[in-house]
1. Can you give me the number of residues within the range 47-80 that are among the aromatic types (Phe, Trp, Tyr), over 18 Å from GLN96 (Cβ atoms) and crowded, with 16+ Cβ neighbours inside 10 Å?
2. Taking ILE50 as the residue in question, decide whether it is free of Cβ contacts under 8 Å to residues at least 60 places away in the same chain and within 15 Å of the chain's Cα centre (by Cα).
3. If you take the residues in the range 17-46 that are of a type in the set (A, V, I, L, M, F, W, C) and assigned to a strand (DSSP E or B), which one is surrounded by the most Cβ atoms within 10 Å (Cβ to Cβ)?
4. Kindly list, by first and then second residue, each pair from a residue in the range 59-86 that is part of a loop (DSSP other than H, G, I, E, B) to a residue that is of a type in the set (Phe, Trp, Tyr) and surrounded by 12 or more Cβ atoms within 10 Å (Cβ to Cβ), limited to pairs with Cβ atoms under 9 Å and residues at least 6 apart or on different chains.
5. Could you grab me the full set of residues in the range 45-66 that are polar (S, T, N, Q) and either farther than 24 Å from ASP105 by Cα or in contact with a strand residue (DSSP E or B) (Cβ under 9 Å, 6 or more places away or on another chain) (or both)?
6. Just one of the numbered conditions (1) over 30 Å from LYS20 (Cβ atoms); (2) free of Cβ contacts under 8 Å to residues at least 60 places away in the same chain; (3) not acidic (Asp, Glu) is not true of SER104; which one?
7. Look through the range 1-16, keep the residues that are surrounded by fewer than 18 Cβ atoms within 10 Å (Cβ to Cβ) and touching a residue at least 40 places away in the same chain (Cβ under 8 Å), and return whichever of them is farthest from GLY86 (Cα to Cα).
8. Might you let me know whether the range 98-108 holds any residue that is over 22 Å from ALA2 (Cβ atoms), at pLDDT below 95, charged (D, E, K, R) and surrounded by fewer than 16 Cβ atoms within 10 Å (Cβ to Cβ)?
Amino acid sequence: MAKYVKTRWGRDKVILDMQKEGYKIKLLEIGSGHHISTQYHNCRQEHWSIIQGTGELMVDNTLMFIEPGDNIHIPQGATHKVTNIGECALKIIETQIGLRCEESDIVRLEEIKNYKPIDIL
């Protein structure tokens, strides 16, 4: 069974790793008031299904509010950032599709100082 990895914004875990076939599925849990870094990917696109919580999502220059039931496509190379604006954890099923579905394909556009994992539960 996959284990959670703590991050500065919450935690995540790999649900299905099929990199050789060109995809990976993860569960992201973003703590209240936290956000992922502004980033893009050179070798993959992502599809997000929102399953819990509410958030503010920026994809390139488009701002949208997200909630359970929303499905979002993030094209390869698109700059994106999501912030949890709700009281509970923002849970996202992330499907990565592309040539390189690994952390090394994350290009962060903002420096995170004093990185410290958080507890969201």
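The values are calculated or read from the model by the stated rules, or taken from the named source; none is laboratory data. No experiment lies behind these values; they were computed from the predicted model shown. Counting neighbours? That spans all protein chains shown, and the Cβs are built from the backbone with ideal geometry, glycine included.
1. Taking the range 47-80 first, the residues among the aromatic types (Phe, Trp, Tyr) are 48, 65.
In the following step, the residues that additionally are over 18 Å from GLN96 (Cβ atoms) were identified as 65.
Okay, now just the ones that are also crowded, with 16+ Cβ neighbours inside 10 Å, so none.
Residues in the range 47-80 being among the aromatic types (Phe, Trp, Tyr), over 18 Å from GLN96 (Cβ atoms) and crowded, with 16+ Cβ neighbours inside 10 Å: 0 in total.
2. Details: free of Cβ contacts under 8 Å to residues at least 60 places away in the same chain: yes; within 15 Å of the chain's Cα centre (by Cα): yes.
Yes.
3. Here the answer is ILE30.
4. Partner pairs satisfying both residue conditions: ASP70/TRP48; GLN76/TYR40; GLY77/TYR40; ALA78/TYR40; THR79/TYR40.
5. Here is the first cut: in the range 45-66, the residues polar (S, T, N, Q) are 45, 49, 52, 54, 61-62.
If the condition is that a residue be polar (S, T, N, Q) and either farther than 24 Å from ASP105 by Cα or in contact with a strand residue (DSSP E or B) (Cβ under 9 Å, 6 or more places away or on another chain) (or both), then GLN45, SER49, GLN52, THR54 are the ones that fit.
6. All conditions pass for SER104, except number (1).
7. ILE15
8. In the first step, residues of the range 98-108 are kept if they are over 22 Å from ALA2 (Cβ atoms); the result is 99, 107-108.
When the remaining residues are screened for being at pLDDT below 95, the result is 99, 107-108.
Filter once more, keeping what is charged (D, E, K, R): 108.
Adding the requirement that they be surrounded by fewer than 16 Cβ atoms within 10 Å (Cβ to Cβ) leaves 108.
Yes, the conditions are met somewhere in the range 98-108.
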